[in-house]
């Protein structure tokens, strides 16, 4: 690993793949270093009992302006533009319709109060109806959206995403993770299970040290999660502390999934939705028989996801099973079998779900997206000003960072920039 590349990309998630695609489209050479043994990062589709289940990101949010839609269709992936399952409640369950309506109204009122809070303190919990009957429901939904409790959410940040979303949520039957992993250009040199250990600035660009050796390039695009960037996992040049501080102001929340197999033909309507306990902030959101498959997918955020992180998958299965029994009756206990549970918070190379700005820290996204010394460029969902928490926001940030890196290399070396880099690589290899 001694030859020079135009750009080294650190991290093989949606942002890294987006950057690689942009560089390849402009004929630039890129090396992608990924710490884990697979591509995709928090986009991960796993085949379980013959079905492609998304353990991470799953929905093409704001599908009508989501770059992955065009990428998918160009590659022959089918995009399902139908209504998401949460738009169709499962019929016949023990459902408190009046309570559900009141809970949703309370959530809407909380969002409206956030606009006042955003200008006065910015802590989302200040918009709660303290001690109100639907406080737990609001906390649970906030956990789905941000992965943390309202006390740790910037109201400004929360509203930035909400205002930008188009509300179009589409689906990839073959899996979002499948698409992201399949979209890396063949011209990109890929090194899996090769974490970057150290990044240094050089006279000609950067040197990235891995356990397989040191590789050089004109620039590096860093797409690792804020949990990794805020830690000392990668040794970075002196002067990068403000970027680490920005990453620390954008911590990853907790969001996990639990999958259960429906053991025999039971009375579950396909492509429907159910919500657990309206009065429990740990409640899950249930996608029932997605795509008609014999699966129930439970999505947990914040306090609910904490169960999996702190107590493990068995406790997670027990929690969602109890909620499903309360919804559907005791008979379902015998037809549901644990299938899989995620553990994003426990994966060292990731460290959580997606970023959420702390109160008063929404500006940290802009700070984190700034280049360092025209050598290091930062991408990832946390650097997007309004599409954070999404794979398309990550992709678009990778494109932005690639454009910044290419512009800087042109300014530094002029038209002969690639020859200059090749010469620098040859000198370094001697």
- Task: Per DSSP H run of n ≥ 4, the term is -39500 (n - 2.57); total these for the chain, divide by its residue number, and report the mean residue ellipticity at 222 nm rounded to 500 deg cm²/dmol.
- Result: -10500 deg cm²/dmol
- Query: Quick one: of the DSSP bridges fully inside the stretch 1-139, what percent are antiparallel, nearest 5?
  - Reply: 45
- Residues residue 318 and residue 212, FRET efficiency given R0 of 60 Å [Cβ-Cβ distance, rounded to 0.05]: 0.90
- Item | Calculated FRET value between residue 151 and residue 231, using beta carbons and R₀ = 25 Å, to 0.05 | 0.60
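Most exposed first by the Cβ proxy, i.e. fewest other Cβ within 10 Å, how do 45, 214 rank?
Ordered from fewest to most neighbouring Cβ atoms within 10 Å, 45, 214 come out as 214, 45.
Rounded, prolate or oblate for the stretch 43-198? Axes are the square roots of the Cα gyration tensor eigenvalues, ordered a ≥ b ≥ c, and the cut-off for rounded is a/c under 1.5.
On the way: a/c = 2.25, a/b = 1.56, b/c = 1.44.
In terms of gyration-tensor shape, prolate.
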- Note on the structure: Distance in Å, no decimals, from the C-alpha centre of the stretch 335-400 to the one of the stretch 245-293 is 21
- Message: Please report the antiparallel percentage of the DSSP beta bridges confined to the chain, to the nearest 5.
- Response: 70
- Message: Is the C-alpha gyration tensor of the stretch 256-316 telling us rounded, prolate or oblate? Criteria: a/c under 1.5 is rounded; beyond that, a/b larger than b/c is prolate, otherwise oblate.
- Response: prolate
- Gained length - residue 244 relative to residue 333, 0.36 nm times residue gap less alpha-carbon distance: 27.4 nm
- Item | Relative contact order of the stretch 253-392, pairs being alpha-carbon contacts under 8 Å that are 6 or more residues apart, as % | 25
- Message: In the stretch 32-75, whose amide N lies under 14 Å from the spot 7 Å out along Cα-to-Cβ of residue 87? List them in ranges.
- Response: 60-64
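When you count, for each residue, the other Cβ atoms within 10 Å and take the mean per peptide, how do 70-82, 386-398, 126-138, 348-360 rank with the highest first?
Output ranking for 70-82, 386-398, 126-138, 348-360: 386-398, 348-360, 126-138, 70-82.
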- Message: At 7 Å along Cα-to-Cβ for each site, give me the label-to-label distance between residue 168 and residue 197 in nm.
- Response: 4.7
- Message: Counting other beta carbons within 10 Å of each residue's own, what order do 231, 183, 225, 334 fall into, fewest first?
- Response: 334, 231, 183, 225
- Query: Fewest first, what order do 243, 344 take by the number of other Cβ atoms within 10 Å?
  - Reply: 243, 344
- Message: Taking 22 Å as R0, compute the FRET efficiency from the Cβ-Cβ separation of residue 279 and residue 112 and round it to 0.05.
- Response: 0.50
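Name the shape class, rounded, prolate or oblate, that the alpha-carbon gyration tensor gives for the stretch 1-47, where a ≥ b ≥ c are the square roots of its eigenvalues, rounded holds for a/c under 1.5, and otherwise prolate holds if a/b is larger than b/c and oblate otherwise.
Taking the square roots of the gyration eigenvalues as a ≥ b ≥ c, the stretch 1-47 is oblate.
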- Message: Cα atoms only: what Rg and Dmax, in Å, come out for the chain?
- Response: 22.4, 75
- Item | Relative contact order for the stretch 1-156, counting Cα pairs under 8 Å that sit 6 or more residues apart, in percent | 13
- Quick one: compute the contact order of the chain, relative version, from alpha carbon pairs under 8 angstrom and 6+ residues apart, as a percent. 26
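All of the numbers you see were taken from the coordinates with simple rules; none came from a lab. None of the values given here were measured: they were computed from a predicted structure. Glycine gets a Cβ as well: all are built from the backbone with ideal geometry, and neighbour counts include every protein chain shown.
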